[in-house]
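Asks: I'd like to ask some things about the structure below.
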Amino acid sequence: MTATTKARPRQIDFSHILVIGAWGFAIVIASMLFLYVGHLIDQMLQTPPTFMLGLFFLGLALCIGRLYKDAWDRIPKRNKANN
């Protein structure tokens, strides 16, 4: 007599959802921090809001780039020999 085992359904890993949520929080905080620092630099130099907008978009681009890299690193690597 052999015992049969039932295949368990794949469980959802909620840690990925939490990581994406944390990245959303980091994007908001970093972009607002860069926006504020740019505003301070513009006030100090008495210039139009070029530093404010430039640093805002820089912070946004850097955070989105890091999010993309983190998401790309989480994808399991495929073995080329199996293709």
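The values are calculated or read from the model by the stated rules, or taken from the named source; none is laboratory data. What you see is a predicted model; the values in this text were computed from it and never measured. Backbone-built Cβ (ideal geometry, glycine too); neighbour counts: all protein chains shown. Just so you know, the surface numbers come from the protein's heavy atoms only, side chains and all, with ligands and any DNA or RNA stripped out. Shrake-Rupley method; radii C 1.70, N 1.55, O 1.52, S 1.80 Å.
Asks: Can you spot a residue in segment 60-68 that is modelled with pLDDT under 90 and surrounded by 14 or more Cβ atoms within 10 Å (Cβ to Cβ)?
Replies: yes
Asks: Using the structure shown, decide if P9 is part of a loop (DSSP other than H, G, I, E, B), modelled with pLDDT of 90 or more and open to solvent by 80 Å² or more (accessible area, probe 1.4 Å).
Replies: Working: part of a loop (DSSP other than H, G, I, E, B): yes; modelled with pLDDT of 90 or more: no; open to solvent by 80 Å² or more (accessible area, probe 1.4 Å): yes.
No: the conditions fail for P9.
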